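Data block below; observations after.
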Amino acid sequence: MFAASDLYPGIEPFRDGFLDVGDGHSLYWETVGNPAAPPVLFLHGGPGAGCGAVHRRFFDPQAWQVVLFDQRGAGRSRPLGMTEANTTAHLIDDIEKLRVSLGIAQWVLFGGSWGSTLALAYAQAHPGRVTAMVLRGVFLGRPQEIEWFFGGIRAIFPDAHADFVGHLRPAERSDILGSYHARLFDPDPRVHRPAAHAWCQYEARCSTLLPPRQLVTESARPETLLALARIEAHYFRNAMFLPPDGLLSGTKTIAAIPGVIVQGRYDMVCPPASAWALSRVWPAARLRMVAGAGHS
């Protein structure tokens, strides 16, 4: 089993700041590791989850210059939870603005879950800026993957799904995503806060192979849960702002970029079929299926 002790020791940024990307959004960014080493960009999940100190620890601090940033509306970026002017195309442009502002010519992309989606979308838009990719828990943004999260997953987590749907009135349950979206964006905290907690609780319960000692929802601030749930619902409701077939049709543009796909065999949030499909159309990538792993 994976443990935090398997990671590199904690490290503090040697540079950080905020980048104004327009549309009222200001992004928090930081760099850690070796300033003289090759750069790697960490792309967090969600969308809307933000970066944490633990994400710095995936990288050998002597071998890499690691750039981390909180995407629009997430983490320490401002304003928290803002969904206006917040689409996949905006995030791709933000990454380019960040690259230029830091004076980086090319970098490695490292992303998991939604971070894998954004990495693929950025690489397909700017292949010349990407030297390699490491993707974990692949999510391609296809309709069947979104439907799995809201429906199919109940075959494995019937109790978690029942609690998730049970938060809604019977009349709302024919459109789970639409009903949650309406509740999450209701201005009344008595409506949106319980909905955000139920949304994030459901995701957390389905994310690990074995139940964690403490779910993230038990210690997180209500504002953080609300931002994550709102941004996720916003993206899901808009098909992740991607073409109908997700990102598979664009893999020709990244065919020569080397990559490693790391996939948990028992990932119930982003099932292995997506990682397998990606590996079939990306000749320069190799797939590593991890037998004893889930999503997180």
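Observations
- Only one entry of Arg265, Arg237 meets the criterion of being open to solvent by 40 Å² or more (accessible area, probe 1.4 Å), in contact with a His (Cβ under 9 Å, 6 or more places away or on another chain) and basic (Lys, Arg), and that entry is Arg237.
Residue-by-condition table, conditions (1) open to solvent by 50 Å² or more (accessible area, probe 1.4 Å); (2) part of a helix (DSSP H, G or I):
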position	(1), (2)
Leu228	no, yes
Ala233	no, yes
Pro243	yes, no
Val260	no, no
Ser274	no, yes
Ala293	no, no
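- Of the residues making up region 73-98, those that are open to solvent by 30 Å² or more (accessible area, probe 1.4 Å) and outside any loop (DSSP other than H, G, I, E, B) are Arg78, Ala89, His90, Asp93, Glu96, Lys97.
- Residue within region 49-65 that is open to solvent by less than 10 Å² (accessible area, probe 1.4 Å), at pLDDT 95 or above and of a type outside the set (Gly, Ala, Ser) present: no
- Yes/no for Ala123 being buried (at least 20 other Cβ atoms within 10 Å of the Cβ) and not assigned by the TED database to the domain that holds Thr224: yes
- Identity of the residue in region 157-200, among the basic types (Lys, Arg) and touching a residue at least 12 places away in the same chain (Cβ under 8 Å), that ends up farthest from Ala227 (Cα to Cα): Arg183
- Filtered residues of region 46-72 (kept if in contact with a His (Cβ under 8 Å, 6 or more places away or on another chain), more than 22 Å from Leu247 (Cβ to Cβ) and either assigned to a helix (DSSP H, G or I) or not acidic (Asp, Glu) (or both)): Gly50, Cys51, His55, Leu68
- Put simply, of Phe110, Phe18 the only residue that is in contact (Cβ under 8 Å) with a residue 24 or more places away in the chain and either under 19 Å from the mean Cα position of the chain (by Cα) or crowded, with 22+ Cβ neighbours inside 10 Å (or both) is Phe110.
- Any hit, region 210-224, residues being of a type in the set (Val, Ile, Thr), part of a helix (DSSP H, G or I) and surrounded by fewer than 19 Cβ atoms within 10 Å (Cβ to Cβ): yes
- Elements of type helices (runs of 4 or more DSSP H) in region 148-208, at least 1 residues being in contact with a Ser or Thr (Cβ under 6 Å, 6 or more places away or on another chain): 189-207
- Of the residues making up region 54-61, none is touching a residue at least 24 places away in the same chain (Cβ under 8 Å) and over 16 Å from Pro13 (Cα atoms).
The values are calculated or read from the model by the stated rules, or taken from the named source; none is laboratory data. This structure is a prediction, so every number in the text was calculated from the model and none was measured. Heads up, the Cβs are rebuilt from the backbone with ideal geometry, glycines too, and the neighbour counts pull from every protein chain shown. Ligands, DNA and RNA are excluded from the accessible area calculation, which covers all protein heavy atoms including side chains. Shrake-Rupley method; radii C 1.70, N 1.55, O 1.52, S 1.80 Å.
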